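Enquirer: The following block contains the structure, expressed as structure tokens.
The values are calculated or read from the model by the stated rules, or taken from the named source; none is laboratory data. All values reported here derive from a predicted model rather than from experimental measurement. In this analysis, Cβ positions are derived from the backbone assuming ideal geometry, glycine residues included, and neighbour counts consider all displayed protein chains. Each accessible area value is taken on the protein alone, full model and side chains, heavy atoms only, with ligands, DNA and RNA left out. Shrake-Rupley method; radii C 1.70, N 1.55, O 1.52, S 1.80 Å.
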Amino acid sequence: MRTQSKSRRIRKLVTAGLCAALVMFFFASANAGIEEHIIETETGFYYTVQKGDTLWDLSEEFSDSPWQWPDLWHYNPQIPNPHWIYPGQKIRIYKKSFGDKKRQETEPTREEIEQYFTYTPIRTVGFIRKQPVETLGTLSLERHGINLLSTGDKVYIRPEPGGNIVKGENYLIYRMKGGVDDPSTDQYIGDQYLLTGILEITDSQPDFAAGRIVKAFRDIQKNDKIMPLMDRKADIRIKPGIENLNANLIKSEEGWNFIGQDTIAFINKGRGDGIEVGQQYTILVEVTTDADWGPDSPKYLTTEEMGTLLVLHTEDNTATVLITDSKEDLKAGMPLQALK
């Protein structure tokens, strides 16, 4: 009986040891799996979100407590809703046991952290420019006589004199939308360029070129033109706006009378005024008086905040922006101030 009891105890100890070993193995494997998706840059450590991840779970992994998820969200302002994160997103992370010994023990302040906003359709946004773009050719012939083109269609291009259209290269397709006036001065500020798609050149001859539309942003039309691709990054580093900037909304890209959240629009200041991609501004409405106030009353009483915007692209005297928030419909001419 003693021998059997002793054997049972040994078997229990061996079983317990195996269980503990398995737990440690799986725990180590899970950690290894997570750390495979962590990269280090000059600005810190970033984790690439995987399917099934939540801020609650990631907070438990990197901060040893799921209840720290508001801090994780706080340091990742590019996430609009903490309950929705998606595979492929990059999240700035902090973990006491993670990183080298050079890092400060104290958690960095919000001002010390580089913040990013990811805008995937960055290639589709147009611009207003005074100086004409480098036009290389015109979409002039579709073999089946189709006037509205889309992804996959083949088209022939009439080259501009001296234009160098290279076989195998991709080019931006654009359409001129006409001249635009500055609503604050009623003066011409530039011509609007609407980007309609991307074209791959399949053949290039002295008198013509042929191509295939690889991406249509919107309907592509006969007589749309092509220009070189622009180098744009979807990950936009957030920067402070310019204090005391005298700038206004010009119009929406699509020409709508009212401008709302997620709309692409233009402002009447650009690179020459210090505007940079990634700057954020508040959109204001001026509260004015009417005739009932009397002739001696002030015209302007105050301003109210109506929305926010992010700069996506800059030209010499204009910029293309994304309306990131709006309390109500916005209008051309509304003034801006640096986001606080």
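Enquirer: If you check Ile198, Ile157, Ile213, Ile165, which single one turns out to be closer than 30 Å to Lys269 by Cβ and surrounded by 14 or more Cβ atoms within 10 Å (Cβ to Cβ)?
Expert: Ile198
Enquirer: While we're here: Being open to solvent by 40 Å² or more (accessible area, probe 1.4 Å) and closer than 17 Å to Thr138 by Cβ is the filter here; which residues of region 216-242 pass it?
Expert: Asp219, Gln221, Lys222, Asn223, Lys225, Pro228, listed by residue number.
Enquirer: A further question follows. Residues of region 128-154 being open to solvent by 30 Å² or more (accessible area, probe 1.4 Å), assigned to a loop (DSSP other than H, G, I, E, B) and closer than 21 Å to Lys215 by Cα, which ones?
Expert: Glu134, Thr135, Arg143, His144, Gly145, Ile146, Asn147, Ser150, Thr151, Gly152, Asp153
Enquirer: When region 305-332 is examined, which residues are found to be acidic (Asp, Glu) and either more than 29 Å from Met230 (Cβ to Cβ) or open to solvent by 40 Å² or more (accessible area, probe 1.4 Å) (or both)? Working first, answer last.
Expert: Within region 305-332, the first condition is being acidic (Asp, Glu), and the residues that meet it are 305, 315-316, 325, 328-329.
Matches in region 305-332: Glu305, Asp316, Asp325, Glu328, Asp329.
Enquirer: Residues of region 248-262 being part of a loop (DSSP other than H, G, I, E, B) and surrounded by fewer than 20 Cβ atoms within 10 Å (Cβ to Cβ), which ones?
Expert: The first filter runs over region 248-262 and keeps only residues part of a loop (DSSP other than H, G, I, E, B), leaving 253-258, 260-262.
Correct list: Glu254, Gly255, Trp256, Asn257, Phe258, Gly260, Gln261, Asp262.
Enquirer: Here is a list: Thr289, Thr302. Which entry is at pLDDT below 90, more than 26 Å from the chain's Cα centre (by Cα) and open to solvent by less than 40 Å² (accessible area, probe 1.4 Å)?
Expert: Just one listed residue meets the conditions, Thr289.
Enquirer: Further, regarding this structure: Being outside any strand (DSSP E or B), farther than 18 Å from Asp316 by Cα and open to solvent by 40 Å² or more (accessible area, probe 1.4 Å), is that true of even one residue in region 264-286?
Expert: no
Enquirer: Follow-up. Looking at Asp186, Asp207, which is the one that is in contact (Cβ under 8 Å) with a residue 12 or more places away in the chain and outside any strand (DSSP E or B)?
Expert: Numbers: Asp186 fails: in contact (Cβ under 8 Å) with a residue 12 or more places away in the chain.
Of the residues listed, the single one that is in contact (Cβ under 8 Å) with a residue 12 or more places away in the chain and outside any strand (DSSP E or B) is Asp207.
Enquirer: Specify the residue that is least open to solvent (accessible area, probe 1.4 Å); the eligible residues are those in region 168-183 that are closer than 15 Å to Gly255 by Cβ and not in a loop (DSSP other than H, G, I, E, B).
Expert: Here the residue is Val180.
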